[in-house]
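Down below is the structure, laid out as C-alpha cells.
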Amino acid sequence: MADPVLFEFLHTEMVAELWAQDPDPGPGGQKTSLLVLEGMGFRVGQALAGLLPVPHPGLDILKFLCKDLWVAVFHKQMDSLRTNHQGTYVLQDNNFPLLVRMASGLQYLEEAPKFLAFTCGLLRGTLSTLGVKSLVTASVAALPACKFQVVIQKP
C-alpha cells in the first residue's frame with residue numbers, strides 16, 4: 001500500500017496531535033484520545049477490507065489478517081497466531097513497526113497503548129467489514145513486541 005516510513009510518520013503525528021491538545025489529560029481525556037485513534041483505525045480497516053482480495057471461504061479470516069492485511073499495512077507478516085478454539089485469538093508481532101523507534105528504553109513502555117489503539121481499530125474494522133463482530137485489545141510486555149487479542153463475539 002503506502003511507503004512504511006510515511007505511514008509511521010503519519011501515525012506518529014496523529015498520536016502527537018491528540019496528546020498535544022492536553023499533554024497530561026488524566027484518565028478520562030486519555031481514554032477519549034485512545035477512542036479517537038481506535039475509531040480512525042476502524043474506518044481505515046473497513047476501507048482496506050474493501051481493497052484487499054476477499055479471503056476464500058475456506059481460509060481462516062484471522063490468517064487473512066496475519067498475512068494479507070499485515071503485509072499490506074506493515075510490509076511483513078504477523079509472527080504468530082494462537083487460539084484457544086473458543087473464539088479468542090492472540091496475534092503476536094515480535095517487531096511491531098510502530099513501536100520500533102521507542103524500543104530503546106523501558107520508560108516508553110507506558111506510552112505504548114497510544115501507539116496500539118489505531119491498529120486495534122484497524123483489525124476490528126477489517127473484521128467488521130468481513131462480517132465478524134469482535135473486540136480487539138493490545139498488550140506490550142517488552143518493546144517492540146506486542147500482542148493483539150481478538151475475541152470473536154457471537155451474533
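The values are calculated or read from the model by the stated rules, or taken from the named source; none is laboratory data. Small disclaimer: the values here were computed from a predicted structure and weren't measured. Positions of Cβ are backbone-derived with ideal geometry, glycine not excepted, and every protein chain shown enters the neighbour counts. When the accessible area is computed, the model is the full protein with side chains, heavy atoms only, and any ligands, DNA or RNA have been set aside. Shrake-Rupley method; radii C 1.70, N 1.55, O 1.52, S 1.80 Å.
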- Query: Which angle between 0 and 90 degrees, to the nearest 10, do you get for helix 26-51 versus the longest principal axis of the chain when only C-alpha atoms count?
  - Reply: 40
- Most mobile of Val73, Val136, Val54 per a Gaussian network model of the chain (Cα springs, under 10 Å)? Val54
- Taking all protein chains as present, what is the carbon and sulfur share of the accessible area of the chain, in % to the nearest whole number, probe 1.4 Å? 58
- Query: Nearest 10 degrees, 0 to 90: what angle lies between the long axis of helix 117-129 and the longest principal axis of the chain (Cα atoms)?
  - Reply: 20
- Message: Can you compute the charge dipole magnitude of the chain about its Cα centre, using +1 on each Lys and Arg Cβ and -1 on each Asp and Glu Cβ, nothing else charged? Give it in debye, rounded to the nearest 20.
- Response: 640
- Per residue accessible area in Å² of the chain, where ligands, DNA and RNA are left out and the probe is 1.4 Å: 56
- Given springs between every Cα pair under 10 Å in a Gaussian network model of the chain, which of Ala103, Ala138, Ala117 has the largest fluctuation? Ala103
- Over the chain, one equal point on each Cα, no solvent: what is log10 I(q)/I(0) by the Debye formula at q = 0.10, 0.18, 0.20 Å⁻¹? -0.34, -1.13, -1.40
- Cβ-based charge dipole, the chain, positive-most Cα from Leu48, Ser134, Leu109: Ser134
- Measuring from the longest principal axis of the C-alpha atoms of the chain, the long axis of helix 4-20 (C-alpha) lies at a number of degrees, nearest 10, equal to 50
- Query: Given only helices, namely DSSP H runs of n ≥ 4 each adding -39500 (n - 2.57), what is the per-residue ellipticity at 222 nm of the chain, to the nearest 500 deg cm²/dmol?
  - Reply: -13500 deg cm²/dmol
- Spin-label point model (7 Å from Cα, Cβ direction): what's the Lys154 to Glu110 distance in nm? 4.0
